Amino acid sequence: MNNIYIYDGTFNNLLNLLYYLIKNNLKPSNIKKKGFYGSLFDYLIELDLKNKNINEEFIKTFGQYTFHLTYYVFLSCEENKELIIYYYLLNYLKYGSNLPNMRNLKCVSEMLRIHKKVGNEAHKMKGFIRFKELKNNLLYASFAPDNNVLELISIHFKKRLAHEFWLIKDEKRKIISVYNKKEFYILNEENFNLKELLFSENEEIFGKLWQTFYDTIGIKERENPRCRMNFMPKKYWPYIMEVSDKK
């Protein structure tokens, strides 16, 4: 029988569960978010843990770098990421701060690989995000990243556009980051009344100007769709004006 532990999908609840498993010497077959349906051979276990804020205790035990690494892996779309984190933390108790250098261990190489993948996507999205001005002077952008990097790029734009009101929507996860010139809050789409988007007159004017500029500087004889897809994969096309109407 496979013992699969269930958590509510939040980072804090995952840390609480991992702490409990390690402290009680429990070895899970896997760790999954609530809503997971196993097979006949899976025994799903959802513990009633005291869901305290465990960040400080975690950092005291495993260090700031491990906390950072764990959070990035948690944000990934990687399958079985929770189990990878579990084994990394288990090995940390054995090898200490030298663990990141032990890349021969599968849990270490996987953690570092996933961390790099999430970090790279977050970095790309900082330059990719295209804001549009709405009639109420809000700036609005949408994208659909592979990994859950909305919070990471929100931290960036909190500094970059500190004096603007803005919204960024993750279309894949149906969550929205809302910034009020002080703090940003990440909400589920269903909890945020996002009505039909009405763009400002300036946005429509500058959008047409940009499209005209883009079409004018292009050289038809030198168009290379394959090269364009190498630099800008098709999955991003719906979110950029230049090629949003291309197939």
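Output the 0 to 90 degree angle, nearest 10, between the alpha-carbon long axis of helix 106-128 and the longest principal axis computed from the alpha carbons of the chain.
Approximately 20 degrees, to the nearest 10.
Post the alpha-carbon centroid distance, the range 2-50 to the range 76-140, in whole angstrom.
Their Cα centres are 21 Å away from one another.
Using only C-alpha positions, report the orientation-averaged shadow area of the convex hull of the chain, nm², one decimal.
Directional mean of the projected Cα hull area for the chain stands at 17.7 nm².
Work out, step by step, the length gained on full extension between ASN191 and ARG173: first 0.36 nm times the residue separation, then minus their alpha carbon distance; give nm to one decimal.
5.1 nm
Would the range 104-247 count as rounded, prolate or oblate if I go by the C-alpha gyration tensor, calling it rounded below 1.5 in a/c and otherwise prolate when a/b exceeds b/c, oblate otherwise?
It is oblate, given that a/c is not under 1.5 and a/b is not larger than b/c.
For the range 191-244, what does the alpha-carbon gyration tensor say about shape, rounded, prolate or oblate, given a ≥ b ≥ c as the root eigenvalues, a/c under 1.5 as rounded, and a/b over b/c as prolate?
Judged from the Cα gyration tensor, the range 191-244 comes out oblate (a/c at least 1.5, b/c at or above a/b).
Contact order normalised by length for the chain, with contacts defined as Cα pairs under 8 Å and 6 or more residues apart; what percent is it?
13 percent
Top mean-square fluctuation among TYR20, TYR140, TYR179, Gaussian network model of the chain, C-alpha springs under 10 Å?
It is TYR20.
In degrees, nearest 10, range 0 to 90: what is the angle between the Cα axis of helix 201-217 and the longest Cα principal axis of the chain?
Between helix and principal axis, roughly 80 degrees.
GNM on the chain, C-alpha springs below 10 Å: top fluctuator among GLU223, GLU133, GLU189?
Largest GNM mean-square fluctuation: GLU223.
Please find, in a Gaussian network model of the chain (springs between Cα atoms separated by less than 10 Å), the residue of ASN188, ASN147, ASN98 whose mean-square fluctuation is greatest.
Most flexible of the set in this elastic network: ASN98.
Largest first and in whole Å, give the semi-axes of the range 25-115's equivalent ellipsoid, each being the square root of 5 times a Cα gyration tensor eigenvalue.
Three semi-axes, in Å: 23, 17, 13.
Fully extended, how many nm does the chain gain between PHE206 and LYS235 (0.36 nm per residue separation, minus their Cα-Cα distance)?
8.0 nm
The numbers here are math on the coordinates, done by the rules we state, and not lab data. The shown structure was predicted, so the numbers you read here are calculated from the model rather than taken from an experiment.
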